[in-house]
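Here, each number is a calculation from the coordinates, and none is a lab measurement. Just so it is clear, the model here is predicted, and its values are computed rather than measured. Here the Cβ is made from the backbone with ideal geometry for all residues, glycine too, and neighbour counts use every protein chain on show.
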Amino acid sequence: MNKKIIVLIIAIVVIAVGVSIWLISSNNNSNKSNNANTNNNINSNANTNENKDEENTINDKNTEDREMSNSKKIAIIYFSATGTTRKVAGYIKELTGGDLIEIVPKEKYTDNDLNYNNSNGRATKEQNDSSARPEIANTIDTNSYDVIYLGYPIWWGDAPRIILTFLDNHDLSGKTVIPFCTSGSSGISTSVNYFKNNYKNVNWLDGKRLNSSQSEVTAWVNSLNY
């Protein structure tokens, strides 16, 4: 056989073998890449599902907490002689969705009654008499409530005696009562300490002195989780 033909045949065989090896290698690399992508997709899906499960668990717990909080029936019961405490009570109603109930005195307080400089003024006399219990004009039903926000102004460093009239005439045993007050300077601790010492079957929270700032009321109510 002609030498040139033999050389040509050998060259063709070598080229064919090389192409075959290249195709096999390419297929193997492609399969590895596909397998890697598949595994990555599987892992990615698994992580996504795991994150979703964790997120769903957190959401379920938050929903459960809200439902438990919302299942408690709330009342905002307040006394306000000048309207300041009424305004704060209104903010609390908006935030909690509770029922707003005013303690209405049978005898309305006049400006002269509330004059700090009048030693013979009605409020001054009541606050100086620990046994004073001003009458309440309206009927207040507290039986159906679990949580009560109890609001009042501070008179002569303490809660108005009409608040004690309310507490004396309503059994709040087992209920959570959250005091709040409005005041130019005096704090709430004197009145709350008296409540805790004299109405012991109630779950008293420490309460807070508030001004008429809606943002302050919002921050406080949100911190309570009621």
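For segment 144-206, trypsin sites (Lys or Arg not before Pro) meeting the loop criterion (DSSP other than H, G, I, E, B) and having at most 14 other Cβ atoms within 10 Å: LYS200. Close amide H partners of ARG209, meaning residues 5 or more places away or on another chain with modelled amide H under 5 Å apart, are CYS181, ILE188. For the set LYS72/LYS208; LYS125/LYS196; LYS93/LYS125; LYS93/LYS196; LYS106/LYS175; LYS175/LYS208, the pairs lying more than 29 angstrom apart at their alpha carbons are LYS93/LYS125. Multiplying the residue separation of ASN211 and ASP99 by 0.36 nm and subtracting their alpha-carbon distance yields 38.2 nm. Charged neighbours of ASP171, selected by a Cβ distance under 15 Å, balance to -1 (K, R count +1; D, E count -1). Listed peptides 151-158, 138-145 appear in the order 151-158, 138-145 once ranked by packing, highest mean of other Cβ atoms within 10 Å at the front. The local environment of ILE148, defined by Cβ-Cβ distances under 11 Å, has a net charge of +1 under the rule Lys, Arg +1 and Asp, Glu -1. Modelled spin-label separation between ASP146 and ASN197, with each label point placed 7 Å from Cα along the Cα-to-Cβ direction: 3.2 nm. All other residues whose Cβ lies under 10 angstrom from that of GLU107 are scored, Lys and Arg at +1 and Asp and Glu at -1, for a net of +1.
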